[in-house]
1. Give the calculated FRET efficiency between Glu291 and Leu33 to the nearest 0.05, with a Förster radius of 60 Å applied to their Cβ-Cβ distance.
2. Please compute the length gained on full extension between Arg345 and Lys270, using 0.36 nm multiplied by the number of residues separating them and subtracting their Cα-Cα distance.
3. Go through Ala301, Pro386, Ala95 and say which Cα lies farthest out towards the positive end of the charge dipole of the chain; charges sit on Cβ, +1 for Lys and Arg, -1 for Asp and Glu.
4. Tally Lys and Arg at +1 and Asp and Glu at -1 over the other residues with C-beta under 12 Å from the C-beta of Gly188: what net charge comes out?
5. Given the peptides 297-309, 191-203, arrange them by the average over their residues of other C-beta atoms within 10 Å, most packed first.
6. Rounded to the nearest 10 degrees, what's the angle between the helix 2-13 long axis and the longest principal axis of the chain, both from Cα atoms, 0 to 90?
7. Please report, in debye to the nearest 20, how large the charge dipole of the stretch 46-172 is about its Cα centre when each Lys and Arg carries +1 at its beta carbon and each Asp and Glu carries -1 there.
8. Only four residue types carry charge here, +1 at the Cβ of Lys and Arg and -1 at the Cβ of Asp and Glu. Report the dipole size of the chain about the Cα centre in Debye, rounded to the nearest 20.
Amino acid sequence: MAATKLLAAVLEQKASLDGLLDEDHGNPAFVALNPTDRAMVKAILHSCLRHLTWIESIFARFLDKPLPDGARNLRHILAIAAAQILFLDIPDHSAVDLAVEQARRDPRSARFANLVNALLRRLGREKDSVLAAVSQEVDLLPGWFMQRLVSAYGIEAAKAISIACATPAPIDLTVKSDPQGWAERLGGTVLATGTVRLGTFEGSVTALPGFTEGEWWVQDAAAAIPARLMGDIRGKKVADLCAAPGGKTAQLVLQGAQVTAVEQSASRLKRLQSNLGRLGLSCATHLSKLEDFEPDQPLDAILLDAPCSSTGTIRRHPDVLWSKGPEDIEKLAGVQRRLLEQAFRRLPTGGKLVFSNCSLDPIEGENLISVFLSEHAEAELVAIDPADWPGLETAVTGRGEMRTTPAMLGGMDGFYAAVIRRK
Ligand SMILES: C[S@@+](CC[C@H](N)C(=O)[O-])C[C@H]1O[C@@H](n2cnc3c(N)ncnc32)[C@H](O)[C@@H]1O
């Protein structure tokens, strides 16, 4: 029941799944569940959103005529049951019975209860063959986004990204030191970039050795790249201008910089402070919009990890493509453009700025930087050398930016990063 309501909140109200599933402040129906049921609801929703194009396509094949436009709740009931039948270890009959019961209780869906029963029983009987067919013929990613990927990367790369997005993201850790030792202790491997990737893992990361001691933090391998692009920042004054929850701030501090973390959200800044506290790290923090931040002393370097559409994180946030659309990407590109202008104003001559975000869309990355450079003769791109990134050479663009996609390094977030210097 909770899962259907939460799916409706994502698809209709464009709510964020992370927000709805927050253990403390999430949707009341979710927070009221016991931990086992919460884990189940979370698994169902992730699976449903990750495979929604397939699920919709299967029902379209089963039906002689489409469901009425107004039957949104019915669609949600069917999608949630289909995710259980197709992808989760839940007995088919439980999923079917629950869906039929839900349909009966909903005045708008009650007249379709027999149809729900028939469709889901058929799905149970034919799941292997329909899944085989649909996985060959239908992209996992919604059409509007697939089109954008094809125009940005070409059909082959777009398909590889779409396939990579079907696999849930592994857990990646950035360790303070001794990646090899931590990989051995935690049963993981060290990636070419130095990130420790955990093997199959269930349960809570907070129970793992080294968490309480603050020896590592969870950070996708791609998210760990921008701070490393800052180069040698030992003793340098560095501002992290969109800092929370602080994964990159922690890296900058560990790299030896004198860091000021700037963040506009009080609750997120608190989270950053608590994360740094656990890691035994500290830095100056500043609660304000970066537009209002005036450093007391000239800065040597800036990291601007700007808010973006997050389309590079769809393996972990499969709701993103259903709650955001092309207009949001355009809007966020505008916000980033404005923030980049503001950040660059605070950069002295010779200073370096790393601009990054977790979007796969060039209008938030390559195109934005092209326009910025064309409008600022005083800015130049510092080309990243692929030789410095063994294992990720193909992520360095011809112009010398970093462009990762979920199809790289055995799976990683889509990220864009560029290094800009004020001449
Ligand atoms: C993509 S997240 C940053 C993630 C962070 N760099 C990390 O690695 O953990 C973007 C952050 O920027 C903050 N933010 C957005 N607009 C801002 C602004 N104008 N000034 C300061 N912070 C801002 C958001 O609240 C959010 O915490």
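Since every read-out is calculated from the coordinates, none of them should be taken as a lab result. Since we're looking at a predicted model, the values are computed, not measured. Note that each Cβ is placed from the backbone with ideal geometry, even for glycine, and that neighbours are counted across all protein chains shown.
1. On the way: r = 41 Å, r/R0 = 0.68.
So the FRET efficiency works out to roughly 0.90.
2. Values: separation 75, 0.36 × 75 = 27.00 nm, distance 2.70 nm.
Result for the pair: 24.3 nm of gain on full extension.
3. Going by the Cα projections, it comes out as Ala95.
4. 0
5. Ranking, from highest mean packing down: 297-309, 191-203.
6. Approximately 60 degrees, to the nearest ten.
7. Dipole about the Cα centre, nearest 20: 460 debye.
8. The dipole of the chain has a size of about 580 debye.
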